Structures are given as C-alpha cells and as structure tokens.
C-alpha cells in the first residue's frame, strides 16, 4: 500500500491530523505539536530495545505494535494488519530518534524531514546509496539495469548489494539512537515511557538532528571526513 493510503487507515492519523499545525508533510509528528500527540494513545517507547510498542490507536480488535524484544518468529507469525504491508503503525526517525513517523508501508520513510534532507544530499554527493531512506530499493535510486551491458549491470548489482547490506543495520542503529536519547533525557536505568511524553521531553532536551547526523556519519566514515560531509550536507 502507498503512504497516502496508509495515512488514511489509522483513525487518529486522518487528513485533519496531517494538515494540523506542527505536523510534517510526511505525516510525522512535530515534537511540539501539543494535542497532536494525543493520537499516540498508550503507545510506549521500550527502554530495553528502543522500539515503539503497545496498543495502536484507531485500529480495531486491540491491535498491538510489537517491539524488537519480541522474538522475530513470533512477530512474523502474527497476521498482517488489514491494509498494511507489515505490522507497524509508527517508528522513530532512525537518525535522530526525535520524531515519530508513519510506518507499515513498503514505501515508509525512515527519516524525519530534517534528517532525510541531509541523507539525500549525502547520497547525491556520493553518487550512490550510502544510507537508505527506506526499505524499498526504488526509494533510494538503486535499481538493477539489464540493458546497458555487462559492466553497467555489474555496477548496478554492486550498488544494490550495498543497499541491502545497509538496510540490515539501519534499524538497529535507529534503536540504539533512541536508547541513547532515553539515557540523556531520563538517565540510565529508566523504564518504558509513553511515546507522547517522550516526544515532548525530547523537544525540551536540547538533542538535535545535526548532532545525530554527525553521529551517523561517524559510524561509517573516517573521523577526518565527518566535518567535511556535515558541511556539505547541512
């Protein structure tokens, strides 16, 4: 299903929510959007893994979001929610962990607007998909060409392989970012926190997207390259 279709599925995420002040154009919740955060209901940020979990507001039959603490076999065995590609209603930006984004579609984006601009600039300057913005290869400009000769095909396949390798780690990176944010906001050893409360407290904490992007670069680039790329992608 498309992102546009997904935005209309979850009751609290209807058109009025997407158009309200403080809501990003992709449906992500602004951290300072006040009553907008009510739509997250009793969803929690798991202190152990950094994922979102709990009952999903607007979906019937007590549907719950399962976090990474739940064994993967159990998560895969759960029936897929109606009109979702996979069972996830929201996720936090995998770069900064400061904004909640719509999820559940193969076209869902992993980054908030601010972080996505930086990542797209990084990929454009590098001329390849260094950091994927979503799970579908077509979102990242990574396709396999079959009509440009063997050399072009090999290069395209190398790029696709790089993309697939990157996607295996980006979600884990994002969960680590959220756990670090929880440490910074609430201190080590804190428990689960309501998603709505976390977003408000994160907005007041001084954590920011540029510092998070710098940390992401440090995970993949040599130290002397980081400052240069931050300037170029800023």
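All of the numbers you see were taken from the coordinates with simple rules; none came from a lab. If you're wondering where the values come from, they're calculated on a predicted model, not measured in any experiment. Cβ sites come from the backbone with ideal geometry, for glycine too, and all protein chains shown count toward neighbours.
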Completion exercise
Simple SL model, points at 7 angstrom along Cα→Cβ for residue 180 and residue 211; separation in nm is 1.0
Exercise for the section: Under 1.5 on a/c is rounded, so check that first for segment 57-97, then, if it is not, pick prolate when a/b is larger than b/c and oblate when it is not; a ≥ b ≥ c are the square roots of the alpha carbon gyration tensor eigenvalues. Expected result: oblate
Completion exercise
Between residue 192 and residue 126, the two model label points (7 Å from Cα along the beta-carbon direction) sit apart by a distance in nm of 3.5
Completion exercise
In this structure, the FRET efficiency calculated for residue 74 and residue 172 from their beta-carbon separation, with R0 = 25 Å, to the nearest 0.05, is 0.85
Problem - Distance (nanometres) between label positions extended 7 Å along Cα→Cβ at residue 61 and residue 224 - result: 5.9
